[in-house]
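Single-structure report; data block below.
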Amino acid sequence: MMEIVTSRQIEIVDITDGIERYVNDCGREKGICLVYSLHTTTALIINEADEALLNDILKLMEKIAPQAAGYQHDRGDGNAHAHLRAALLGNSVIIPIEKGGLALGTWQRILFIEMDGPRKRRLSIRIIGD
Ligand code: ZN
């Protein structure tokens with residue numbers, strides 16, 4: 001289990017280093033690592049952690065699912081846009097483990113996306129060896 005405390009309503013957090021440490025401590029040479037968010041208004045993706053690109057991703061989310069666009073769920077807690085964005089992006093990633101570490105490409109980072117913060121968030125991490 002990993003805990004993330006987000007500080008803004010919408011925020012992208014690079015969690016690669018924390019997951020890498022988890023995999024290193026586990027001591028498996030080969031396998032797969034599952035990272036799974038236990039929430040309905042967050043997402044996990046693998047992409048480049050370039051500041052400009054992260055802003056582009058957030059802008060795209062605003063375009064695809066703008067806030068307060070007459071959603072039925074907004075009659076409840078007013079965060080339908082966050083659920084919809086989360087549903088589009090997905091709530092888990094799977095990364096291969098090679099030589100005891102994450103087998104990520106040069107520009108690949110594991111990115112946690114908060115869409116209804118700030119909140120305390122939890123990720124479940126599972127490692128399965130070959
Ligand atoms: Zn809701």
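For region 97-119, does any single residue satisfy the condition of being free of Cβ contacts under 8 Å to residues at least 12 places away in the same chain, surrounded by 12 or more Cβ atoms within 10 Å (Cβ to Cβ) and not aromatic (Phe, Trp, Tyr)?
Quick first cut of region 97-119, residues free of Cβ contacts under 8 Å to residues at least 12 places away in the same chain only: 103, 105-106.
Pick out the ones that are also surrounded by 12 or more Cβ atoms within 10 Å (Cβ to Cβ) and you get 103.
From the residues that got through so far, the ones that are not aromatic (Phe, Trp, Tyr) too are 103.
The answer is yes, given that some residue of region 97-119 is free of Cβ contacts under 8 Å to residues at least 12 places away in the same chain, surrounded by 12 or more Cβ atoms within 10 Å (Cβ to Cβ) and not aromatic (Phe, Trp, Tyr).
What number of residues within region 24-50 satisfy the criterion of being farther than 14 Å from Ala103 by Cβ and either of a type outside the set (A, V, I, L, M) or in contact with a Gly (Cβ under 8 Å, 6 or more places away or on another chain) (or both)?
15
Does Ile10 satisfy being more than 16 Å from the ligand (Cβ to nearest atom), touching a residue at least 24 places away in the same chain (Cβ under 8 Å) and hydrophobic (A, V, I, L, M, F, W, C)?
Details: more than 16 Å from the ligand (Cβ to nearest atom): no; touching a residue at least 24 places away in the same chain (Cβ under 8 Å): yes; hydrophobic (A, V, I, L, M, F, W, C): yes.
No, not satisfied.
Failed condition for Lys63, given (1) exposed (fewer than 12 other Cβ atoms within 10 Å of the Cβ); (2) in contact with a His (Cβ under 8 Å, 6 or more places away or on another chain), with all others met?
It fails just one condition, (2).
Which one is farthest from the ligand (Cβ to nearest atom), of the residues in region 27-77 that are within 22 Å of Arg121 (Cα to Cα) and modelled with pLDDT under 95?
Here the answer is Gly76.
Taking Ala68, is it more than 14 Å from Leu111 (Cβ to Cβ), without any contact (Cβ under 8 Å) to a residue 24 or more places away in the chain, of a type in the set (A, V, I, L, M) and surrounded by 17 or more Cβ atoms within 10 Å (Cβ to Cβ)? Walk me through it before giving the result.
Values: more than 14 Å from Leu111 (Cβ to Cβ): yes; without any contact (Cβ under 8 Å) to a residue 24 or more places away in the chain: yes; of a type in the set (A, V, I, L, M): yes; surrounded by 17 or more Cβ atoms within 10 Å (Cβ to Cβ): no.
Against the criterion (more than 14 Å from Leu111 (Cβ to Cβ), without any contact (Cβ under 8 Å) to a residue 24 or more places away in the chain, of a type in the set (A, V, I, L, M) and surrounded by 17 or more Cβ atoms within 10 Å (Cβ to Cβ)), Ala68 does not qualify.
The values are calculated or read from the model by the stated rules, or taken from the named source; none is laboratory data. Everything numeric here is computed off the predicted structure, so don't read it as measured data. Heads up, the Cβs are rebuilt from the backbone with ideal geometry, glycines too, and the neighbour counts pull from every protein chain shown.
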